[in-house]
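One structure is given here, and the rest of the page talks about it.
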Amino acid sequence: MGEPIPSPPKKFNTELTDYSVSHNEKSGPYAENLEVDALVVGAGFAGIFMLKTLRERGYKTVIFEAGNDTGGTWRWNCYPGAGVDSEVPEYEFSWPEVWQTWDWTSNYPNYQDLRAYFDHVDKVIGVKKDCAFNTVVVGAKFDTAAGKWTVRTEDGRTTKAKYLILGTGFAARRYIPDWPGMDKFKGVMHHSSFWPDHEVDVKNKRCAVIGTGASGVQIVQAWGPTAGEVKVFQRTPNLAIPMRRRRIAPDERARTRALYPELFKLRETSFAGFHYDWSEKNTGDDTPAQQEAFFERLWRDGGFRFWVAGYKDCLYVPAANARVYDFWARKTRDRVGDPRKRDLLAPLQGPHYFGIKRPCLEYNYYEQFNRPGVDVVDVKNNPIREFTETGITLADGTHHEFDVIAVATGFDVVTGVMTQLGLESIHQTKLQDEWTAGAQTYLGTSVSGYPNMFHIYGAHGPTLLSNGPSTVEVQGRWIADLVDKMQRQGIKYVNPKAEAAAQWKKHIVELNDRSLFPTTRSTYMGGNVPGRAYEPVCYTGGLPTYKAEIREALDSMEGFEVVAK
């Protein structure tokens, strides 16, 4: 495939460009001066959905993927314990030729299962023949006269395409705080999303996990039973909820498969793209005893039901939300023996409203802290000051020594994905500069000034409030249908109107302001990257309403400047 492009030595990889390769192959998707109808960036669910959909409609389409294989986040995320937080068959493609010949062994696949699944998808539909790997987009500009994008990659190739489709999702840009001395540490250190594709030995080792998001929770569950010691550096407790992972027996797989066609339709009818939805009741419509029984059932059934299948007012009314948090805290505190750890992990007073940060799913996270070698270090008011050769020093001078450090600080979420691609508008501005003050999109699928460019599972879509494949297929079909409409009507390009984008942003803010989301900085409100605008970045009206709104806009085309050939 070629040799990696030389770069200065680093403690560990931090950028997608670290994976760029100078390719010996010069044909197919690796061809220099390639011209295609559609260039798709990313080979995860979104990119592969667009490749197959557009290819079957007669468009010459290729994928550029920064990693070395298909699967998107499931090729990158191979840290200990990595797995998905959506159940199958919600979390898979709806294509019969794929699901009819595939069996899941668990309702919550781990990353190995998902890699095998994407390999199966390739065998069935042929992804890799149209995919260029270790190919990192670093620049793109649209020529209004030609009606085409010119896209540059890190290895020096140039590609022209009428349509540029960003299937990059919400988490393709990692966030690594710039702590002093990180390069001095003499032990083993990796970021959770740049984890090496081999086992890191932690037996009898002193280990640190920095961060308590999904990756931090999963690493703790994996390392707790085997490491010599694990110290979890926590700024904010994770209000994690039970996953209820279980094996799927062959007879159950056969019964469920018969329902697949209807299940794939069903997932697009619920608020978050799952096979369950909000109660029709508000919290106060039930007595306290009825509320307790309802919460118990959601808790027992597991998954995100306790988050997005509860009372319909829980993300909107403080008193209703407090009832949810009270139940969560009681259930969780019962699982932690040590009083100090209990108060840090599941405080009686919530650190924020429940569910306005995306909860993580866990199976024995809290029990890990009952092990004598597993501890939690509170860094909310005593943050990390620096790294040393032997470990981590906090602001008050306390020093912790380690052999292995997992940096589980997550991502520059939602907007950071698109701003790292070097996208330039027809007004000679850069997206990374335009979005410094806040994201601007039209319909959560397009950006004014960037004609014929569309994005999936990114800014201003249902994204972090929905199951990925559900939203991917809703947005992906919309993009493909718009492309068909342009071809039928002889349209050179469509460019979202600035006023339409401003109106959509206003709509996003108004929907968000009805909820409790604005009360806390979270991935829904711009994320944790310093300097990022404090603003809503996701559509909070639910997937069915979103689907109806973007379809209405496609029918009218009023929000687009339409330029004929």
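The values are calculated or read from the model by the stated rules, or taken from the named source; none is laboratory data. Note that the structure is predicted; figures quoted are calculated from it, not measured. So basically every Cβ, Gly included, is an ideal-geometry build from the backbone, and we count neighbours across all protein chains shown.
Annotations for the structure displayed:
- Within the set 501, 480, the sole residue that is at pLDDT 95 or above, in contact with a strand residue (DSSP E or B) (Cβ under 9 Å, 6 or more places away or on another chain) and not β-branched (Val, Ile, Thr) turns out to be 501.
- Some residue of the stretch 257-264 being modelled with pLDDT under 95, under 30 Å from residue 547 (Cα atoms) and surrounded by 13 or more Cβ atoms within 10 Å (Cβ to Cβ): yes
- Condition check for residue 374: hydrophobic (A, V, I, L, M, F, W, C), crowded, with 20+ Cβ neighbours inside 10 Å and touching a helix residue (DSSP H, G or I) at 6+ places or on another chain (Cβ under 9 Å): yes
Yes/no per residue for (1) touching a residue at least 24 places away in the same chain (Cβ under 8 Å); (2) within 28 Å of residue 71 (Cα to Cα); (3) of a type in the set (S, T, N, Q):
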{"position": "137", "(1), (2), (3)": "yes, yes, no"}
{"position": "143", "(1), (2), (3)": "no, no, no"}
{"position": "167", "(1), (2), (3)": "yes, yes, no"}
{"position": "178", "(1), (2), (3)": "no, no, no"}
{"position": "184", "(1), (2), (3)": "yes, no, no"}
{"position": "190", "(1), (2), (3)": "yes, yes, no"}
{"position": "197", "(1), (2), (3)": "yes, yes, no"}
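- Checking residue 218 against (1) crowded, with 22+ Cβ neighbours inside 10 Å; (2) in a strand (DSSP E or B), the condition it does not meet: (2)
- From 164, 114, residue being under 20 Å from the mean Cα position of the chain (by Cα), crowded, with 17+ Cβ neighbours inside 10 Å and of a type outside the set (Ser, Thr, Tyr): 114
- Test: residue in the stretch 409-416 that is at pLDDT below 95, surrounded by 14 or more Cβ atoms within 10 Å (Cβ to Cβ) and among the aliphatic types (A, V, I, L, M): yes
- Yes/no for residue 55 being in contact with a Ser or Thr (Cβ under 6 Å, 6 or more places away or on another chain) and outside any loop (DSSP other than H, G, I, E, B): yes
- Every condition in (1) in the same structural domain as residue 315 (by TED's automatic domain parsing); (2) part of a loop (DSSP other than H, G, I, E, B); (3) more than 17 Å from residue 400 (Cα to Cα) is met by residue 186 except one, and the failing one is (3).
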